[in-house]
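As structure tokens, the structure follows; a few thoughts come after it.
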There are 2 protein chains.
Amino acid sequence: VEKMKRLPRLTWRKIWKVGKEDKRRVIHSLKVGVALSLVSLLYLMEPLFNGIGENAIWAVMTVVVVLEFTAGATLYKGLNRGLGTVLAGLLAFLIAHMAKESGNIFHATFIGTAVFLVGAMSTYMRFFPHIKKNYDYGVVIFLLTFNLITVSSYRLDSVLKITHERLYTIAIGCGICLLMTLLVFPIWSGEDLHLSTVAKFDGLAKSIAVCINEYFSDNIQQQEKDAENSMEMEDPIYKGYKTVLDSKSSDENLALYASWEPRYLRHCTRYPWHQYVKLGTVLRHFGYTLVALHGCLQTEIKTPQSVRVLFKDPCNRLAGELTKALKELGDSIRNRRKYCPEMLSNHVHEALQDLIDALKSQPRLFLGTNSNTNILLALATLAAKQKSGKDFVVSLSSVNTDSSDDGPPRLGLSQDFLKEGDKKQNTLRPTLSKIGITSLEFCEALPFAAFASLLIEAVARLDLVIEEVVELGKVAHFKEYSHHDDHE
Amino acid sequence: VEKMKRLPRLTWRKIWKVGKEDKRRVIHSLKVGVALSLVSLLYLMEPLFNGIGENAIWAVMTVVVVLEFTAGATLYKGLNRGLGTVLAGLLAFLIAHMAKESGNIFHATFIGTAVFLVGAMSTYMRFFPHIKKNYDYGVVIFLLTFNLITVSSYRLDSVLKITHERLYTIAIGCGICLLMTLLVFPIWSGEDLHLSTVAKFDGLAKSIAVCINEYFSDNIQQQEKDAENSMEMEDPIYKGYKTVLDSKSSDENLALYASWEPRYLRHCTRYPWHQYVKLGTVLRHFGYTLVALHGCLQTEIKTPQSVRVLFKDPCNRLAGELTKALKELGDSIRNRRKYCPEMLSNHVHEALQDLIDALKSQPRLFLGTNSNTNILLALATLAAKQKSGKDFVVSLSSVNTDSSDDGPPRLGLSQDFLKEGDKKQNTLRPTLSKIGITSLEFCEALPFAAFASLLIEAVARLDLVIEEVVELGKVAHFKEYSHHDDHE
């Protein structure tokens, strides 16, 4: 009984929650109600009904089917429905005309064959990726209308009249839908896509911040609790990148709908929604690195306190700069202004350099020159140069030569010594590489090595993200960057 | 002109390609054609038409809208359409009955209000996640039918007759659809989901194999070419895990449709399609590790040849075992038999142990005992124990104590010496940790450290995958594992 009493309250709370999550849902529901009432008037009011007649019911159906949550989706469906109906009407009219003069049985066979052929062909067409993406609904409506008209033409003489009426009422229905969707509290897919992209940057930034924080937090118990949380997929790190990882299909849908929205007229070019999709792909790849970084926290291979303390500051700084960079990128998109890559990447570069210096100052753990790849340094330079793909290869080779000239190995007997070890390198080097005695402390650095290299990879991927953001600013004609904006 | 001539051939090739990719597409297209022709007969044939009348056109519409590619999707739409129509019919009948006795203007107002309220409420209902997922189409049809009947009831007296006829024709349409979809070359969503899951295992296995292969391949030029390829996202590694990463929405759709398919009756329980979705999630997480591993190839931080040669064999073996494990997992799902985790994980465990032994035999690069975490060994034991979540923490601590007892550091003067260095450890240990002289060769190991720890993390994630596969075998009542199957 107690349960029964609570049921209405629980239901009410659930209903309330759905509306609270996104108030536009309530607005949309009311819009549908109003649109349906409006279109019903066509049927209910005497003068209007006399003009349109029985077929007013098609307008009602159109409103139910076409009016979607966002303007883009409504336009997609409305225009597809219109196009499908017109084409089907033309084809059906043609076929009815061809079959008209024949006998009854031939007529029926002819119609049956036409229905079969058109049905099979248009269903097959729906498997073409391009049509599937942009015109799927249109093909369904085409098939629907074609069958409707062709089949009814067998009993009714006035095919032209049916065609005409159906077109007319569907146009009215679509008109009401477009009116409601474009003029009354419009909800834009493009806006959604824009905001969700901005939210992704914020989520990633938050993830990195929490991730670094947890990695360097001293409280082991806290970490274990976090690890448990993360198993339940509820911790803030997971929350931050989750939406990024699963964004593919929703991004693509939003971009598809957005491409039907008329706002691109503003700059006389189509608004480049596909660039948002590309940016989403790059962000997803950035997210994968974050997942791996998160994995470093979860695998229970804890880096010992001693190593962590050594690198806490530079890592924190690098992560801080990464977070800042992501937030600035997000802000620049939010405010639709071009991103100025020179400004920030320097800071990231400096932070990266700091981390590398710290790594270098601990030669027992990480660096040497027997290698032909003074890798961290090389990567740092790469990151600073902000080049993509193929340039990577070129600049790497040049960096390698540089670094083997000016980046010789260091020797440290204790941690205090390490920072002054730079000068002794050349003299000691041959001896040491012959002796090659083990640094027993190295083991401690292994998990950190993985962590650090993932962090550095994150910086490299950030470059790709920056590139796409700059590209987005260019193709979307964002406003120029100005210092004024920055200080607001 | 030349171009114009080639156009038909190109178009034809494109059409051919779509069909060749999946022959069921052709079958489905023909099925739709046949179903439409069949349903048209209701209208075209005199005796049938006399029985059903004008409304036969509804049956045609139903077939166009309901007949989908897979049986599950058709059932989902068909049952939703039926349910929506019945409920809407009942409600509309009730409302028409209530409004019947009133005056014309009141009647119109009443209908308008009802249309508004029902429209707004059912649209709002579509935002509830559970309804959105399972009954979205049903709600649309409910709204459609309700409006249709309520609005027409204003002009027509016989609401009961419209309701009845609409129900009747929709039932016929749905019946034909179900007949076609279930009996004529049925295409099952569940089968698709099953096969796509198996394909994911194969893809991941292939990715790992290629990844290791490339990492240890000597040909630098080859690697650079591969790196370029991977930028264009065309290399086999990317292909292997791509489908896994983007599988979320398609998995969920297939599982949704599959849950409507009647095959679960076989074991008197619902077939656990949600378990496939869960397995997909775990596989996706496995995929993220693979992306990071792939990142190790792409970042251009090449591990020097000398280090790679040292670890080539154990890494190859571990990757080989991983690949084998994934393939066996895929096979066991393909053949719907329970997976026997004891058999394979031992091999993986042995391979992991090999790698760890190799790492241990190179103390200059990796291991020591000054640390409180003999991590690799600890993780290996963990992986072998096949425990999840919380057990990890417990077993780790016990392993740590063990390993610090029996896993002291090793010393090696040259590569040939290393494998025999085991015995010298205890004597040299205190001296070395005091001297703490840098191994200058360490730098070479940093990128490899990242690679190795990712590989080891992959093993840890494989355990989670195995767990879900075992769970799947249990809840889906797969047949027991037998040696006979294995040798086939």
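What to note about this one:
- Chain pair B, A: total accessible area buried, heavy atoms, 1.4 Å probe, Å²: 10300 Å²
- Residue A:471 accessible area, 1.4 Å probe, all protein chains in place, Å² to nearest 10: 60 Å²
- In the complete set of protein chains, residue-level accessible area for residue B:235 is approximately 10 Å², probe 1.4 angstrom.
- Residue B:68 long-range amide H proximity, modeled H, under 5 Å: B:74
- 3J(HN,Hα) along the range A:134-150, derived from phi through the Karplus expression 6.51 cos²θ - 1.76 cosθ + 1.60 where θ = phi - 60°, amounts to 9, 10, 3, 5, x, 5, 4, 5, 4, 5, 4, 5, 4, 5, 4, 6, 4 Hz, with x in place of Gly and Pro.
- Over 20 Å apart at the Cα level, from the set B:242/B:474; A:3/B:278; B:200/B:248; B:327/B:479; A:239/B:133; B:31/B:77, are B:242/B:474; A:3/B:278; A:239/B:133.
- Sites listed here are trypsin sites (Lys or Arg not before Pro) in the range A:10-85 whose DSSP assignment is loop and whose Cβ has at most 14 other Cβ atoms within 10 Å: A:23.
- Legend: residues A:331, B:192, sorted from most to least accessible area (1.4 Å probe; ligands, DNA and RNA excluded), read A:331, B:192.
- Å² per residue, accessible surface of the range B:55-174 at 1.4 Å: 41 Å²
- Amide hydrogen neighbours beyond the local backbone of residue B:271, cut-off 5 Å, H modeled: B:264
- When B:286, A:128, A:116 are compared by accessible area at a 1.4 angstrom probe, the order from most to least is A:116, A:128, B:286.
- Counting only heavy atoms of the protein chains and using a 1.4 Å probe, residue B:4 has close to 140 Å² of accessible surface.
- Largest to smallest in accessible area, the residues B:479, B:338, A:5 fall in the order A:5, B:479, B:338 (1.4 Å probe, all protein chains included).
- Phi-based couplings in Hz for the range A:158-167 (Karplus 6.51, -1.76, 1.60; Gly and Pro marked x): 8, 4, 4, 5, 4, 3, 4, 5, 4, 4
- Residue-averaged beta-carbon neighbours from other chains (10 angstrom radius) around B:126-136: 2
The values are calculated or read from the model by the stated rules, or taken from the named source; none is laboratory data. Just so we're clear, the structure is a prediction, and the values are computed from it rather than from any experiment. Counting neighbours? That spans all protein chains shown, and the Cβs are built from the backbone with ideal geometry, glycine included. Calculation scope for accessible area: heavy atoms of the full protein, side chains included, ligands and nucleic acids excluded. Shrake-Rupley method; radii C 1.70, N 1.55, O 1.52, S 1.80 Å.
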